[in-house]
Amino acid sequence: AVEVAKAAEELSSKLSSTAAQLLVRKEESDRIHDLLVTRAERAAERILVLEYRIAEMDDDYQSSQSELKFLRIQLQAIQVQCTNCIHRHDDDPELTDSIKNWKIDWEDINRRAKARRQK
């Protein structure tokens, strides 16, 4: 009976130790899980921010393409005007104004494009 009691006491001690170790492992596992969940949430937030930024950049690109097309059309119109008076553009105020307006538009678009790239 003493041996059975001693064996039961040893078993109880080992079970208590094992239960304590399991509890420590569970707490450690919970901390790791919480850390991983936090990191996953941050990563998801970062993805959303980056997707928004990509959409902004795509909008900027589309806008730049539209402005570039506008300038190309204007340039073609100026070239058509130039074919008639290549050597006399000082005598053609409409051509001079067209060139000035094109340069102003080009500088404006160029300035806005640089500002967007710096964001």
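Taking the criterion of being outside any helix (DSSP H, G or I) and loosely packed, with under 10 Cβ neighbours inside 10 Å, would at least one residue in the range 110-117 satisfy it?
No, the range 110-117 has no match at all.
Filter the range 97-116 for residues that are among the β-branched types (Val, Ile, Thr) and touching a residue at least 24 places away in the same chain (Cβ under 8 Å) and give the result.
Across the range 97-116, the qualifying residue is only ILE109.
Within the range 78-96, restricting attention to residues that are at pLDDT 65 or above and β-branched (Val, Ile, Thr), which residue is surrounded by the fewest Cβ atoms within 10 Å (Cβ to Cβ)?
Among those residues, the one meeting the criterion is THR83.
Looking at GLU107 and the list (1) under 23 Å from the mean Cα position of the chain (by Cα); (2) open to solvent by 90 Å² or more (accessible area, probe 1.4 Å), which single condition is not satisfied?
(1)
Among the residues of the range 52-59, is any within 20 Å of ARG116 (Cα to Cα), out of contact with any helix residue (DSSP H, G or I) (no Cβ under 8 Å at 6 or more places or on another chain) and β-branched (Val, Ile, Thr)?
Scanning the range 52-59, I find at least one residue that is within 20 Å of ARG116 (Cα to Cα), out of contact with any helix residue (DSSP H, G or I) (no Cβ under 8 Å at 6 or more places or on another chain) and β-branched (Val, Ile, Thr), so the answer is yes.
The values are calculated or read from the model by the stated rules, or taken from the named source; none is laboratory data. Every value quoted in this text rests on a predicted model; they were computed, and no experiment measured them. In this analysis, Cβ positions are derived from the backbone assuming ideal geometry, glycine residues included, and neighbour counts consider all displayed protein chains. Just so you know, the surface numbers come from the protein's heavy atoms only, side chains and all, with ligands and any DNA or RNA stripped out. Shrake-Rupley method; radii C 1.70, N 1.55, O 1.52, S 1.80 Å.
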